[in-house]
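The values are calculated or read from the model by the stated rules, or taken from the named source; none is laboratory data. Remember, predicted model here, so these are calculated numbers, not experimental data. Note that we place each Cβ from the backbone using ideal geometry, even for glycine, and neighbour counts take in every protein chain shown. Accessible surface areas use protein heavy atoms only, side chains included; no ligands, DNA or RNA. Shrake-Rupley method; radii C 1.70, N 1.55, O 1.52, S 1.80 Å.
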Amino acid sequence: MKKARVFSILFVVVLLAVAVADAQQPKKIPRIGILPPGPISERVHLWEAFRQGLRELGYVEGQNITLVFPSAEVKPERLSGLATELVSLKVDVIVAPTTPAALAVMNATRTIPIVMPTTIDPVETGLVASLARPGGNATGLTSIASDLSGKRLELLKEVVPGGSHIAVLSNPTSPVVPPQMRETKVAAQALGVQLLPLEVHSPEDFERVFRAATKERANALITLDDAFVFTHRTLIVKLATKSRLPAIYGFREFVDGEGLMSYAANLSDMYRRAATYVDKILKGAKPADLPVEQPMKFEFIINLKAAKQIGLTIPPNVLVRADRVIK
């Protein structure tokens, strides 16, 4: 009995020692690598939405989570190198918001989980096997922009019923543009309108293509979703207004910045939702088993101030369908 009592006491002492050692051992703080698709300055509100999503889940930067941003300025041509840099830092998860960024990370690692706040056609671009069962190391959200291209063209045609020549602004080097262009062409054929491609590869191209649109007597403008186009949204809106071109955009940020119309999912909501994927992965879930989420709602926003600037009257039957009207 005495020996048993001594053994029990020693066992308790060992347990206490282990508990004290565990308590003194600093806990590993998860490190989340961030690969923005373009300048942070153009996306401050989106990263704040992502941080808000983390806060809602109990994460506090510097206490129980760390965000690791690239050390160099983000430009499209640097994505591959910046992705490799994040992988070398051995972060726990990498957040890559767009298709080019996610592809760059996937080329750098097939093991570190990738969370995509917003992608376009992730199945067609090879990021996931299917939306329901991604199957690899990437998952997240998709904006299904290709499916929206036709709807945007229909709305634009209703606002400019006599428009027979529609300019299409896009970055042809982006992997997400071909499926959008394909759907836009299908819609154009059904509506009986002719498309005028305006291809941009650098910021210097914008003024040139808008002059071409004026020369070719374009009646209106539609933009195809892409990180490069998003980055230069202020310049695009300025040139569209100067050219007096009624335009519909794929991001509400264009309309907040005095553009005419947008029809799209809310990017800020998607970035906030992306935090839930990070949380699940940190708690043990595998990206391969987390379905890619699609937006449940799309917002149609009209800016009447922008319409007035170009002398355009929005038809009442279109105005009444808007989710938000800026006066």
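FRET efficiency for the Phe69 to Thr234 pair, using the beta carbon distance and R₀ = 25 Å, is estimated at 0.65. Per-residue ellipticity at 222 nm, computed for the chain from helices alone with -39500 (n - 2.57) per DSSP H run of at least four residues, works out to -13000 deg cm²/dmol.
Considering only Leu131, Leu191, Leu148, the Gaussian network model of the chain with Cα springs below 10 Å gives its largest mean-square fluctuation to Leu191. Would you mind pulling out the separation of the Cα centroids of the stretch 102-139 and the stretch 145-200, in Å? First find each Cα centre; the distance between them is then 27 Å. Restricted to Cα atoms, the stretch 150-232 shows a radius of gyration and a Dmax of 12.2, 34 angstrom.
The 3J(HN,Hα) values that the Karplus relation (6.51, -1.76, 1.60; θ = phi - 60°) gives for the stretch 211-217 are, in residue order, 5, 5, 4, 5, 4, 8, 6 Hz. Gly and Pro appear as x. Once you reduce the stretch 50-92 and the stretch 218-235 to the center of their Cα atoms, the two points are 27 Å from each other. Spin-label model, Lys286/Glu207: points 7 Å from Cα along the beta carbon direction are separated by 5.5 nm.
Amide H contacts of Leu169: Leu198, Ile222, Thr223, Leu224, each under 5 Å away and 5 or more positions distant or on a separate chain (H built 1.01 Å from N in the peptide plane; Pro and chain starts excluded). If you compute Rg/Rh (Cα atoms, Kirkwood Rh) for the structure shown, which of (i) 0.96; (ii) 1.13; (iii) 0.93 do you land on? Calculated Rg/Rh (Cα atoms, Kirkwood Rh): the matching label is (ii). Cα axis of helix 44-56 to longest principal axis of the chain: angle in degrees, 0 to 90, nearest 10? Taking Cα atoms only, the helix is inclined about 40 degrees. Across the stretch 261-268, coupling constants 3J(HN,Hα) worked out from phi with the 6.51/-1.76/1.60 Karplus curve, θ = phi - 60°, read 9, 9, 9, 5, 6, 7, 4, 4 Hz, and Gly and Pro carry x. Annotation: amide H of Ile326 within the under-5 Å range of Ile302, Asn303, Leu304, sequence separation 5 or more or interchain, hydrogens built in the peptide plane.
Roll a 1.4 Å probe over the protein chains and send me the accessible area per residue for the chain in Å².
On the way: 15870 Å² over 327 residues.
Value for the chain: 49 Å² per residue.
Classify the stretch 182-327: rounded, prolate or oblate, from the alpha-carbon gyration tensor (a ≥ b ≥ c, eigenvalue square roots; a/c under 1.5 rounded; otherwise prolate if a/b is larger than b/c)? It comes out prolate by the Cα gyration axes. Note that the stretch 168-173 has calculated 3J(HN,Hα) couplings of 10, 8, 7, 9, x, 7 Hz, one per residue in order, obtained from phi through the Karplus relation 6.51 cos²θ - 1.76 cosθ + 1.60 (θ = phi - 60°); glycine and proline are x.
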